[in-house]
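Q: Dropping a structure here in structure tokens format, bear with me for questions.
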Amino acid sequence: MEEKLTYRDAGVDIDAGNESVRLIKDCVKATYRPEVLGDLGGFGGLFALSAKYQEPVLVSGTDGVGTKLRLAFLLDRHDTIGQDAVAMCVNDILVQGAEPLFFLDYLAVGKLDPKQVADVVKGVAQACKESGCALIGGETAEMAGFYPVGEYDIAGFAVGVVEKSKVITSARVKEGDVLLALPSSGVHSNGYSLVRKIVFEKQGMKGDAYIESLGKTIGEELLTPTRLYPKVCLPIIQRFDEALHGMVHITGGGFYENIPRALPDGLAAEIDGGAWEMPEIFRLLQEWGNVDWHEMYRTFNMGIGMVLIAAKEQAGAIRKFLEDAGEVCYEIGKVTKGSHDVTIKGGVFHG
């Protein structure tokens with residue numbers, strides 16, 4: 001008698017998928033805001049936009065985690081990657097003044113492991129909750145034969161809202177504006193192709209190698225999740241909306257590519273590289289890889305995750321507001337006349 005094939009025989013386990021949903025259901029529901037309609041498991045997520053906005057503008061963003069995933073596979077640790085996926089999206093829409101409303105994730109796996117999926121999605125849910133946005137939907141796709149067993153990719157999609165009159169654009173930025181900066185939590189989720197080449201190829205390290213100057217293993221340092229900025233920045237956006245002229249999320253492209261995105265024609269940025277203490281991991285990467293400092297600032301965040309461009313007269317008040325709330329805030333430079341370029345002096349540039 002000819003054998004009857006099932007979807008499971010082809011590598012897709014529907015029962016495992018149902019089990020993963022069961023494991024994540026409670027943590028997902030814990031992220032819901034009052035505006036969320038319906039329940040987990042529908043064909044689409046429903047969100048009723050609040051009537052408090054006169055001219056609401058929806059701001060959307062999507063991103064992934066990139067090759068940082070290789071670290072998660074190497075160390076078999078999957079509880080931090082979800083935060084990276086959320087942070088890369090909500091931090092991006094935040095810079096235009098948007099409050100994150102809801103988030104959806106897309107997770108593609110080679111072979112569905114319910115616990116692994118639950119670890120990833122629980123990280124997503126926790127980051128959503130901290131950012132104040134609801135995790136209203138997602139998709140877990142088991143793609144047998146496409147990804148190796150144990151490996152996966154994750155992407156996220158965030159939607160936020162801002163009043164039309166308060167959208168933050170480069171048109172607000174003026175010569176003389178002050179650049180205030182909030183620290184990063186580490187390398188975040190950019191530059192990991194170079195990181196891996198330096199650490200694991202050039203230096204030949206293992207993920208469990210203990211680094212004395214870091215006080216932890218290199219794997220622990222590199223898997224530190226991307227910092228979430230909504231809770232810190234939304235009060236600034238709301239309280240100092242006229243004084244806050246611009247925001248910059250320092251992601252791929254570092255200082256040289258991201259800061260100009262917030263500047264209008266005819267203006268540039270001058271940065272004091274000695275205004276903050278560079279985290280040890282960046283010094284180590286530069287030394288181990290013999291990387292030119294310009295390349296470092298073009299690839300990594302160098303310890304700065306978010307930049308606020310503030311009116312000179314109100315910059316001190318914004319900085320005090322942040323410090324009174326227990327936040328570290330650096331004044332790292334100013335806006336000058338120029339052609340969209342960034343000049344860094346001081347610190348490692350000895351200028």
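The values are calculated or read from the model by the stated rules, or taken from the named source; none is laboratory data. Computed from a predicted model, the values in this text were never measured in an experiment. Methodologically, a virtual Cβ is constructed for each residue, glycine included, from the backbone with ideal geometry; neighbour enumeration extends over all protein chains shown. Note: accessible area is taken over every heavy atom of the protein model, side chains too, but ligands, DNA and RNA are not part of it. Shrake-Rupley method; radii C 1.70, N 1.55, O 1.52, S 1.80 Å.
Q: Per residue, how much space in cubic angstrom lies within the convex hull of the C-alpha atoms of the stretch 245-311?
A: On the way: hull volume 6.0 nm³, N = 67.
Value for the stretch 245-311: 90 Å³ per residue.
Q: To continue, here is another question. Under unit Cβ charges (Lys, Arg +1; Asp, Glu -1), what dipole magnitude, rounded to 20 debye, does the stretch 155-278 have relative to its Cα centre?
A: On the way: 13 positive and 15 negative charges, 86 e Å.
The dipole magnitude comes to about 420 debye.
Q: Considering only DSSP states other than H, G, I, E and B, which chymotrypsin sites (Phe, Trp or Tyr not before Pro) in the stretch 4-107 qualify as loop sites with at most 15 other Cβ atoms within 10 Å? Before the final figure, lay out the partial values.
A: Details: sites: Tyr7, Tyr32, Phe43, Phe47, Tyr53, Phe73, Phe102, Phe103, Tyr106; in loops: Tyr7, Tyr32, Phe43, Tyr53.
Those satisfying the criteria are Tyr7, Phe43, Tyr53.
Q: At a threshold of 8 angstrom on Cα-Cα distance, excluding pairs fewer than six apart, so keeping six or more, what relative contact order does the stretch 103-192 reach in percent?
A: Numbers: 81 pairs, mean separation 37.5, N = 90.
Relative contact order, the stretch 103-192: 42 percent.
Q: For the stretch 170-240, what is the per residue volume of the convex hull drawn over the alpha-carbon atoms, in cubic angstrom? All intermediate terms of the calculation are to be shown ahead of the outcome.
A: Numbers: hull volume 10.7 nm³, N = 71.
Given the Cα convex hull of the stretch 170-240, per-residue volume reads 151 Å³.
Q: What translational diffusion coefficient, to the nearest whole µm²/s, does the stretch 17-88 have by Stokes-Einstein, given a Kirkwood radius computed over alpha-carbon pairs, a temperature of 10 °C and 1.306 mPa s viscosity? Don't jump to the answer; show the numbers that get you there.
A: On the way: Rh = 15.4 Å.
For the chosen part, D equals 103 µm²/s.
Q: Just want the answer: with Cβ charges of +1 for Lys and Arg and -1 for Asp and Glu, which residue in Leu74, His245, Ile344 is farthest toward the dipole's positive end in the chain?
A: Of the options given, the answer is His245.
Q: Please identify the GluC sites (Glu not before Pro) of the stretch 304-337 that satisfy two criteria: DSSP loop assignment and at most 15 other Cβ atoms within 10 Å. Which are they? Before the final figure, lay out the partial values.
A: Working: sites: Glu313, Glu323, Glu327, Glu331; in loops: Glu327.
Here the sparse-neighbourhood loop sites are Glu327.
Q: Keeping every protein chain present and rolling a 1.4 Å probe, give me the accessible area per residue for the stretch 201-314 in Å². Provide the component values of the computation, followed by the final result.
A: Details: 4820 Å² over 114 residues.
Normalised by residue count, the accessible surface of the stretch 201-314 is 42 Å².
Q: While we're here: Just to be sure I understand: with springs between alpha-carbon atoms less than 10 Å apart, which residue in Ala98, Ala311, Ala325 has the highest mean-square fluctuation in the Gaussian network model of the chain?
A: Answer for the Gaussian network model of the chain: Ala325.
Q: Let me ask you something else. If you put +1 on each Lys and Arg Cβ and -1 on each Asp and Glu Cβ, how big is the dipole of the stretch 94-158 around its Cα centre, in Debye rounded to 20? Can you show the working numbers first?
A: Numbers: 4 positive and 9 negative charges, 26 e Å.
That gives a dipole near 120 debye.
Q: Relative contact order of the stretch 261-351: what whole-number percent is it, with Cα pairs under 8 angstrom and at least 6 residues apart?
A: Details: 89 pairs, mean separation 58.3, N = 91.
With pairs under 8 Å counted, the relative contact order is 64 percent.
Q: Mind jotting down the distance between the C-alpha centroids of the stretch 304-347 and the stretch 1-80, whole Å?
A: Computed from Cα coordinates, the inter-centre distance equals 37 Å.
Q: On average, how much accessible surface per residue is there in the stretch 16-115, in Å², for a 1.4 Å probe, leaving out ligands, DNA and RNA? Present the calculation step by step, with values, prior to reporting the outcome.
A: Values: 4800 Å² over 100 residues.
Accessible area per residue, the stretch 16-115: 48 Å².
Q: What Kirkwood hydrodynamic radius do you get for the stretch 128-183 when you take the inverse of the mean 1/r over all pairs of distinct Cα atoms, in Å?
A: Details: mean 1/r = 0.0604 Å⁻¹.
16.6 Å is the Kirkwood radius here.
Q: For the stretch 146-299, just list the percent of Cα-Cα distances falling in each 5 Å bin from zero outward, please.
A: Distribution as computed: 1, 7, 14, 18, 17, 15, 12, 8, 6, 3, 0 percent.
Q: List the lysines whose Cα lies under 22 Å from the Cα of Lys4, skipping any in the same chain that are fewer than 8 positions away.
A: Filter leaves Lys111.
Q: Hey, could you get me the Stokes-Einstein D for the stretch 16-164, Kirkwood radius over alpha-carbon pairs, 20 °C and 1.002 mPa s, rounded to whole µm² s⁻¹?
A: On the way: Rh = 15.6 Å.
D = 138 µm²/s.
Q: Another question, if that's okay. How long is the gain from Glu242 to Ser50 if the chain were fully straight, where each residue apart is worth 0.36 nm and the alpha carbon distance is subtracted? Don't skip to the end; give the middle numbers.
A: On the way: separation 192, 0.36 × 192 = 69.12 nm, distance 2.32 nm.
Full extension of this stretch gives 66.8 nm more.
Q: Okay, next question. What fraction, in whole percent, of alpha-carbon pairs in the stretch 209-351 exceed 22 Å separation? Could the numbers behind the result be given before it?
A: Details: 4480 of 10153 pairs.
Value for the stretch 209-351 (Cα pairs over 22 Å): 44 percent.
Q: Shifting gears a bit: Set the bar at 31 Å for Cα to Cα. Now go through Lys129/Lys166; Lys129/Lys334; Lys166/Lys320; Lys231/Lys312; Lys25/Lys197; Lys202/Lys337 and name every pair that lies beyond it.
A: Pairs exceeding 31 Å: Lys129/Lys334; Lys25/Lys197; Lys202/Lys337.
Q: Go ahead and set up a Gaussian network model of the chain, Cα springs under 10 Å, then flag whichever of Gly17, Gly186, Gly138 fluctuates most.
A: Greatest mean-square fluctuation among the candidates belongs to Gly17.
Q: Got a sec? Charge dipole of the chain, +1 on Cβ for Lys and Arg, -1 for Asp and Glu; which of Ala48, Gly176, Ala262 is way out at the positive end?
A: Positive-most Cα among the choices belongs to Gly176.
Q: Starting from the eigenvalues of the Cα gyration tensor, five times each then square-rooted, give me the equivalent ellipsoid semi-axes of the chain, largest first, whole Å. Let's see the in-between values first.
A: On the way: eigenvalues 270, 152, 47 Å².
Taking √(5λ) for each eigenvalue gives 37, 28, 15 Å, largest first.
Q: Another question about this same structure. Only four residue types carry charge here, +1 at the Cβ of Lys and Arg and -1 at the Cβ of Asp and Glu. Report the dipole size of the chain about the Cα centre in Debye, rounded to the nearest 20.
A: Values: 35 positive and 49 negative charges, 118 e Å.
That gives a dipole near 560 debye.
Q: Enumerate the amide H contacts of Asp63 below 5 Å, restricted to partners 5 or more residues apart or on another chain; note that Pro and chain-start residues carry no placed amide H.
A: Under 5 Å from the amide H of Asp63: Gly156.
Q: Let me ask something else about it. Hey, what number do you get for the chain at 222 nm if only DSSP H runs of n ≥ 4 count, each worth -39500 (n - 2.57), divided across all residues, to the nearest 500?
A: Details: 11 runs with 110 residues, N = 351.
Mean residue ellipticity, 222 nm, calculated: -9000 deg cm²/dmol.
Q: Leaving out ligands, DNA and RNA, and with a 1.4 Å probe, what % of the accessible surface on the chain is carbon or sulfur? Intermediate results must be reported in sequence, preceding the final value.
A: Details: 8030 of 16490 Å².
Roughly 49 percent of what the probe reaches on the chain is carbon or sulfur.
Q: What percent do you get for the relative contact order of the stretch 76-143 when only Cα pairs under 8 Å and 6+ apart count?
A: Details: 82 pairs, mean separation 33.0, N = 68.
It rounds to 48 percent for the stretch 76-143.
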